[in-house]
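Enquirer: Encoded as structure tokens, here's the structure I'll be asking about.
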Amino acid sequence: MNTFIQDLRYGFRMLRKNPGFTTVALLALALGIGANTALFSVVYGVLLKPLPYAQGKELVVLQQAFPKANVTNVGFSVKELQDYREQTKSLAQIEEYHQMSFILLDGQEPDEVRTGVVSAHFFDLLGIKPHLGRFFTSADDTAGADAVLVLSYNYWKTRYGGDTGIIGRHFRMNDKVHTVIGVLPPVPQYPRENDVYMTTVACPFRSSPDVIANRNSRMTRAFGRLKPTADLTSGNVDLSVIASRLQQQYPADYPASRGLTTTIDGLQNQLTQQVRPMLLVLLGTAGLVLLIACANVANLALARIMRREQEMAVRAALGANRSRLVRQLLTESLLLSLAGAVLGLLLASGCLELLVRFVGRFTTRAAEVRINAEVLLFTLGVSVITGLIFGSIPALSQRLNLVNSLKEGSANATVKSSGLRLRNLLVAGQVALSFVLLVAAGLMGRSFIKLQQVNAGYNPENVLTANIPLNFSKYGGNAAAINFFDRVTRKLEGTPGILAVGVNSGAPLAPGRPANQTFIVEGRATSEHDTLPTADISFVSPDCFKLLGIPLISGRQFTPHDNADSIEVVVISQSLARHYFANEDPLGKRLSGDNGKTWVKIIGVVGDVKYYGLDRPALDTVYVAFAQTPMGGTLLVKTAGNPMNYAQQVREAVYSVDPEQPVNSIQTLGGLRGDALVQSRLTALLLALFSGLALAIAATGLSGVTALMVSQRTREIGIRMALGAQSNEVLQMVLMQSMRVIVFGLVAGIACALVFSRMLRALLFETQVNDPTTFAAVALMFLAVGFAASYVPARRVTKVDPLIALRSE
């Protein structure tokens, strides 16, 4: 212990004695360790940390699909849930869940709340305890029971300020009085966050006798818990047997043309599957940056140990053996890496909030991310390993020659080619790793640029959107809904600066899922073995196509005369016309969404619109006249100036018609398009920051190697110049030696990038993982940066007087 303390003191003095080396090394290590700490804290909190539920590994999500019809995760009906509960041998419990949006009136401004509709023992399945009050019981989920609510933790905090007296308060929702009985603890919710929870009998849709009796009314998700004797494999086999049995029992509900599969997957995997690829790529990127930082610090330490050769020789001459000297050098490197870890923790804590907000867009587990004991242990382990890596390279590479080393000035007289080769190898490794990072950043950048350039099929300029979720209990009839939007539209159209107003069932690129509907074409025979085509159904007012700039391809658009008293008509998208009317004119043809009971006439064809993602193909779409079937709730307002300047006018217009009607999600179409690009933009930005840092570190390493080589060859260069060598010849010789290191690193980097860039395939849009333009641009940039990094020290040596160089020894 006494010797160890001596090593620590001596190491601290040596680091303090060399402030330049210490500062540069600390910054490189702090950036590398800090980036890894921040990203690991996210990876651990989202991907690795056990779920905050009792026996979380036993929790599963059930998924039902029609594979032959290419329909995945169709949900479950009440009848199907009963069948699976009764027949399963692998699941101890199955509970249901679906999300609705209702209007909650509590004496404040009306609020549309995301409502989780769950069976009585849903929270018992999760094994969690209420933060306040209690959860649902079987009595609460019985027909005729009083309506009760459980609030989510976040909603209780934000809406009611964490009022502990919330239990027992009464709110009005769906024309019923609901009593608050509990508050959830702060746990992640799946599949999405909710504001409140209600029982199935309190939901006016789920409790409908028609929904309960209809096997095809699949509106719920199913969650389960495995029995102690079961696992995912046996559970999937069990549910597959039940699905086959249901197909045989109810052939009309499960046609052979669609097929039926039922599977289970772990809840933890479902919670994180969307964000997992991106996080792993970013963590791997941060790991490469740390490796590059290690190589750079090892290079600096190697140069430093060559200057300390005489000191090491004196220590050896006084009796220190090789292991003692290596231990001293490793102690210094560990001191440096631990100090870098402390700075890295400060950097990580500073940027963690930004990462959490970013990840929160893709998983509800983001709230669990924090720097905890596991993250601190990771940081400690990384710092120790880092110190050993960059400390062992110079410590183990040094071979002392006591006679030569003890001679005065021998440090300058001896040129150790082995040390220089090792430094060149380290720089080449930095170049190779940096090349991989820059290629990844370049590919993501090209992908992002292509996403930005995507023509979504509409014009988002100066268009404001506002979600108006109508209270179904007040506006259940078509006439009432149409009257409400007509009055709001008239008020807004009289406002100066507002050019046009429309109503749509959903704005392009707003959060939401397609309203898929199967249909048949009149006159085309179908059989039970045929897979029926599907289309996304969108409800629009007459002005929507013009307001959004959606081009009319043929026929006509909707007019005010297309109302409840006229024949039902639709407009179809160009892709639907291409897929199902390729060799004929679709105008005048009729479609049916209820197997021929009612028909609608096609009156027009409009351009395709990407409603659900810029990176996805436009869906086949059927547009329905809003006045004939008022299924919508999004106002579209075209303005002459900045659309957000008219947000208050939209609220006032709605409140003047109905003061109990909430207005949500007021945003511009340009803002929605920007939100759709957030993941690609931030991923590309993070990769660019990491790769830029790696390039700077690599350039610093190359400059340092060139400077060391020049200083060690000062006498040789002086002799060359004394014998007549020109400055440009010496400059060319030094640059060629430096560029050889760059080229060697680029060759290795290209090989590595061709392999590792495949990990980005899922994140790229219309960009090949081996894009030659990106590879060539990065290689040219490296050559330019390498040339610039080598030129300054190479140019400096040509200014040396040969006589001074010859006397330097």
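The values are calculated or read from the model by the stated rules, or taken from the named source; none is laboratory data. Since we're looking at a predicted model, the values are computed, not measured. Cβ: placed from backbone, ideal geometry, glycine included. Neighbour counts: every protein chain shown. Ligands, DNA and RNA are stripped out before the accessible areas are found, and what is left, the full protein with its side chains, is counted by its heavy atoms. Shrake-Rupley method; radii C 1.70, N 1.55, O 1.52, S 1.80 Å.
Enquirer: Would you call SER77 touching a Lys or Arg at 6+ places or on another chain (Cβ under 8 Å), touching a residue at least 40 places away in the same chain (Cβ under 8 Å), surrounded by 21 or more Cβ atoms within 10 Å (Cβ to Cβ) and of a type in the set (S, T, N, Q)? So that I can check it myself, show each step before the final result.
Expert: Values: touching a Lys or Arg at 6+ places or on another chain (Cβ under 8 Å): yes; touching a residue at least 40 places away in the same chain (Cβ under 8 Å): yes; surrounded by 21 or more Cβ atoms within 10 Å (Cβ to Cβ): yes; of a type in the set (S, T, N, Q): yes.
Yes.
Enquirer: Same structure, new question: Could we say that ASP608 is under 23 Å from THR534 (Cα atoms), modelled with pLDDT under 90 and in a loop (DSSP other than H, G, I, E, B) here?
Expert: Values: under 23 Å from THR534 (Cα atoms): yes; modelled with pLDDT under 90: no; in a loop (DSSP other than H, G, I, E, B): yes.
No; evaluated as a whole, the condition is false for this residue.
Enquirer: I need the full set of residues from segment 485-516 which are hydroxyl-bearing (Ser, Thr, Tyr) and touching a strand residue (DSSP E or B) at 6+ places or on another chain (Cβ under 6 Å), in order please.
Expert: To start, the set of residues in segment 485-516 that are hydroxyl-bearing (Ser, Thr, Tyr) comprises 489, 495, 505.
Selection gives THR489, SER505.
Enquirer: Which one of these is closer than 24 Å to LEU433 by Cα, at pLDDT 75 or above and crowded, with 17+ Cβ neighbours inside 10 Å: ILE393, ILE292?
Expert: On the way: ILE393 fails: at pLDDT 75 or above.
Selected residue: ILE292, the only one of ILE393, ILE292 that is closer than 24 Å to LEU433 by Cα, at pLDDT 75 or above and crowded, with 17+ Cβ neighbours inside 10 Å.
Enquirer: When only residues in segment 261-284 that are open to solvent by 50 Å² or more (accessible area, probe 1.4 Å) and not in a strand (DSSP E or B) count, which is nearest to LEU232 (Cα to Cα)? Talk me through it step by step, then tell me what you get.
Expert: Of the residues in segment 261-284, the ones open to solvent by 50 Å² or more (accessible area, probe 1.4 Å) are 261, 263, 269, 273-274, 276-277, 280.
Among the residues that remain, those that are also not in a strand (DSSP E or B) are: 269, 273-274, 276-277, 280.
Values: ASN269: 12, GLN273: 17, GLN274: 20, ARG276: 20, PRO277: 22, LEU280: 24 Å.
Here the residue is ASN269.
Enquirer: Determine whether segment 597-604 contains at least one residue that is of a type in the set (Lys, Arg), farther than 13 Å from ALA535 by Cβ and either touching a strand residue (DSSP E or B) at 6+ places or on another chain (Cβ under 6 Å) or open to solvent by less than 10 Å² (accessible area, probe 1.4 Å) (or both).
Expert: At the first step, the residues of segment 597-604 found to be of a type in the set (Lys, Arg) are 597, 601.
Filter once more, so that each one left must be farther than 13 Å from ALA535 by Cβ: 597, 601.
Keeping just the survivors that are either touching a strand residue (DSSP E or B) at 6+ places or on another chain (Cβ under 6 Å) or open to solvent by less than 10 Å² (accessible area, probe 1.4 Å) (or both) gives 601.
Yes, there is a match, as at least one residue in segment 597-604 is of a type in the set (Lys, Arg), farther than 13 Å from ALA535 by Cβ and either touching a strand residue (DSSP E or B) at 6+ places or on another chain (Cβ under 6 Å) or open to solvent by less than 10 Å² (accessible area, probe 1.4 Å) (or both).
Enquirer: I'd like to check something: does segment 175-182 contain any residue that is over 26 Å from GLY127 (Cα atoms) and in contact with a strand residue (DSSP E or B) (Cβ under 9 Å, 6 or more places away or on another chain)? Before the answer, list the steps.
Expert: Of all residues in segment 175-182, those over 26 Å from GLY127 (Cα atoms) come to 175-177.
Restricting the remaining residues to those that are in contact with a strand residue (DSSP E or B) (Cβ under 9 Å, 6 or more places away or on another chain) gives 177.
Yes, because at least one residue in segment 175-182 is over 26 Å from GLY127 (Cα atoms) and in contact with a strand residue (DSSP E or B) (Cβ under 9 Å, 6 or more places away or on another chain).
Enquirer: Go over the candidates GLY11, GLY20, GLY34, GLY45 one by one and state the one that is touching a helix residue (DSSP H, G or I) at 6+ places or on another chain (Cβ under 6 Å), farther than 30 Å from GLN273 by Cβ, among the small types (Gly, Ala, Ser) and assigned to a helix (DSSP H, G or I).
Expert: On inspection, the qualifying residue turns out to be GLY11.
Enquirer: Open to solvent by 20 Å² or more (accessible area, probe 1.4 Å), assigned to a helix (DSSP H, G or I), among the basic types (Lys, Arg) and at pLDDT below 80: does that describe ARG357? Walk me through it before giving the result.
Expert: On the way: open to solvent by 20 Å² or more (accessible area, probe 1.4 Å): yes; assigned to a helix (DSSP H, G or I): yes; among the basic types (Lys, Arg): yes; at pLDDT below 80: no.
No, not satisfied.
Enquirer: List, please: which pairs have Cβ atoms under 9 Å, are six or more places apart or on different chains, and start with a residue in segment 650-675 that is in a loop (DSSP other than H, G, I, E, B) and end with one that is aromatic (Phe, Trp, Tyr) and open to solvent by less than 20 Å² (accessible area, probe 1.4 Å)?
Expert: Pairs that qualify, where the first residue is in a loop (DSSP other than H, G, I, E, B) and the partner is aromatic (Phe, Trp, Tyr) and open to solvent by less than 20 Å² (accessible area, probe 1.4 Å), are ASP658/PHE484; GLN661/PHE484.
Enquirer: Are there any pairs, at least 6 apart or on different chains, whose C-beta atoms fall under 8 Å, with the first in segment 1-16 and within 14 Å of ARG327 (Cα to Cα) and the second open to solvent by 90 Å² or more (accessible area, probe 1.4 Å) and in a helix (DSSP H, G or I), and if so, which?
Expert: ASP7/ARG327
Enquirer: Evaluate the following for GLY477: is it at pLDDT 90 or above and either farther than 29 Å from GLN667 by Cα or open to solvent by less than 70 Å² (accessible area, probe 1.4 Å) (or both)?
Expert: Working: at pLDDT 90 or above: no; either farther than 29 Å from GLN667 by Cα or open to solvent by less than 70 Å² (accessible area, probe 1.4 Å) (or both): yes.
For GLY477, the condition - at pLDDT 90 or above and either farther than 29 Å from GLN667 by Cα or open to solvent by less than 70 Å² (accessible area, probe 1.4 Å) (or both) - is not met.
Enquirer: Can I ask one more? From the set of residues in segment 347-392 that are more than 24 Å from the chain's Cα centre (by Cα) and touching a residue at least 60 places away in the same chain (Cβ under 8 Å), which is nearest to LEU271 (Cα to Cα)?
Expert: Looking at residues that are more than 24 Å from the chain's Cα centre (by Cα) and touching a residue at least 60 places away in the same chain (Cβ under 8 Å), I get VAL382.
Enquirer: Which strands (runs of 3 or more DSSP E) does segment 111-184 wholly contain that include 2 or more residues that are open to solvent by 10 Å² or more (accessible area, probe 1.4 Å)? Spell out the reasoning first.
Expert: Details: elements: 111-118, 148-151, 170-173, 176-183.
Here the list reads 111-118, 170-173, 176-183.
Enquirer: For segment 568-587, which residues satisfy the criterion of being out of contact with any strand residue (DSSP E or B) (no Cβ under 6 Å at 6 or more places or on another chain) and open to solvent by 40 Å² or more (accessible area, probe 1.4 Å)?
Expert: ARG578, HIS579, TYR580, ALA582, ASN583, GLU584, ASP585
Enquirer: Provide a single number: the residues in segment 615-650 that are among the acidic types (Asp, Glu) and surrounded by fewer than 22 Cβ atoms within 10 Å (Cβ to Cβ). Before you say what the answer is, go through the steps one by one.
Expert: As a first pass, look at segment 615-650 and keep what is among the acidic types (Asp, Glu): 615, 620.
Keeping just the survivors that are surrounded by fewer than 22 Cβ atoms within 10 Å (Cβ to Cβ) gives 615.
The qualifying residues number 1.
Here's the yes/no breakdown for (1) hydroxyl-bearing (Ser, Thr, Tyr); (2) within 18 Å of PHE435 (Cα to Cα); (3) open to solvent by 20 Å² or more (accessible area, probe 1.4 Å):
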position: VAL730; (1), (2), (3): no, no, no
position: MET736; (1), (2), (3): no, no, yes
position: ARG740; (1), (2), (3): no, yes, yes
position: VAL743; (1), (2), (3): no, yes, yes
position: ALA751; (1), (2), (3): no, yes, yes
position: PHE756; (1), (2), (3): no, yes, yes
position: GLU766; (1), (2), (3): no, no, yes
position: ALA776; (1), (2), (3): no, yes, yes
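Enquirer: Would you tally the residues in segment 254-295 being touching a Leu at 6+ places or on another chain (Cβ under 8 Å) and within 30 Å of ASN216 (Cβ to Cβ)?
Expert: Residues meeting the conditions: 9.
Enquirer: May I ask you to verify whether ARG221 is open to solvent by 40 Å² or more (accessible area, probe 1.4 Å), at pLDDT 85 or above and either in contact with a His (Cβ under 8 Å, 6 or more places away or on another chain) or outside any helix (DSSP H, G or I) (or both)?
Expert: Values: open to solvent by 40 Å² or more (accessible area, probe 1.4 Å): yes; at pLDDT 85 or above: yes; either in contact with a His (Cβ under 8 Å, 6 or more places away or on another chain) or outside any helix (DSSP H, G or I) (or both): yes.
Considered against the rule, which asks whether it is open to solvent by 40 Å² or more (accessible area, probe 1.4 Å), at pLDDT 85 or above and either in contact with a His (Cβ under 8 Å, 6 or more places away or on another chain) or outside any helix (DSSP H, G or I) (or both), ARG221 comes out as yes.
Enquirer: Only residues in segment 213-237 that are within 13 Å of GLN82 (Cα to Cα) count as the first member; pair them with residues that are open to solvent by 60 Å² or more (accessible area, probe 1.4 Å) and in a helix (DSSP H, G or I), Cβ under 9 angstrom, at least 6 apart or cross-chain, and list the lot.
Expert: Once the first residue is within 13 Å of GLN82 (Cα to Cα) and sits in segment 213-237, its partners that are open to solvent by 60 Å² or more (accessible area, probe 1.4 Å) and in a helix (DSSP H, G or I) give ALA213/LYS79; ASN214/LYS79; ARG215/LYS79.
Enquirer: Step by step: first the residues of segment 517-561, then only those that are without any contact (Cβ under 8 Å) to a residue 60 or more places away in the chain and outside any loop (DSSP other than H, G, I, E, B), then the one that is most open to solvent (accessible area, probe 1.4 Å). Which residue is that?
Expert: Out of the qualifying residues, it is LYS546.
Enquirer: Go through segment 1-35 and count every residue that is surrounded by fewer than 24 Cβ atoms within 10 Å (Cβ to Cβ) and either more than 27 Å from LEU355 (Cβ to Cβ) or not aliphatic (A, V, I, L, M) (or both).
Expert: Counting residues in segment 1-35 that are surrounded by fewer than 24 Cβ atoms within 10 Å (Cβ to Cβ) and either more than 27 Å from LEU355 (Cβ to Cβ) or not aliphatic (A, V, I, L, M) (or both) gives 23.
Enquirer: Take ILE567 and decide whether it is of a type in the set (A, V, I, L, M) and either assigned to a loop (DSSP other than H, G, I, E, B) or out of contact with any Gly (no Cβ under 8 Å at 6 or more places or on another chain) (or both).
Expert: Judged against the criteria, ILE567 is a match.
Enquirer: Turning to a different aspect of this structure: Any residue that is touching a residue at least 24 places away in the same chain (Cβ under 8 Å), over 24 Å from PRO772 (Cβ atoms) and aromatic (Phe, Trp, Tyr) - is there at least one of those in segment 477-495?
Expert: Checked segment 477-495: at least one residue is touching a residue at least 24 places away in the same chain (Cβ under 8 Å), over 24 Å from PRO772 (Cβ atoms) and aromatic (Phe, Trp, Tyr).
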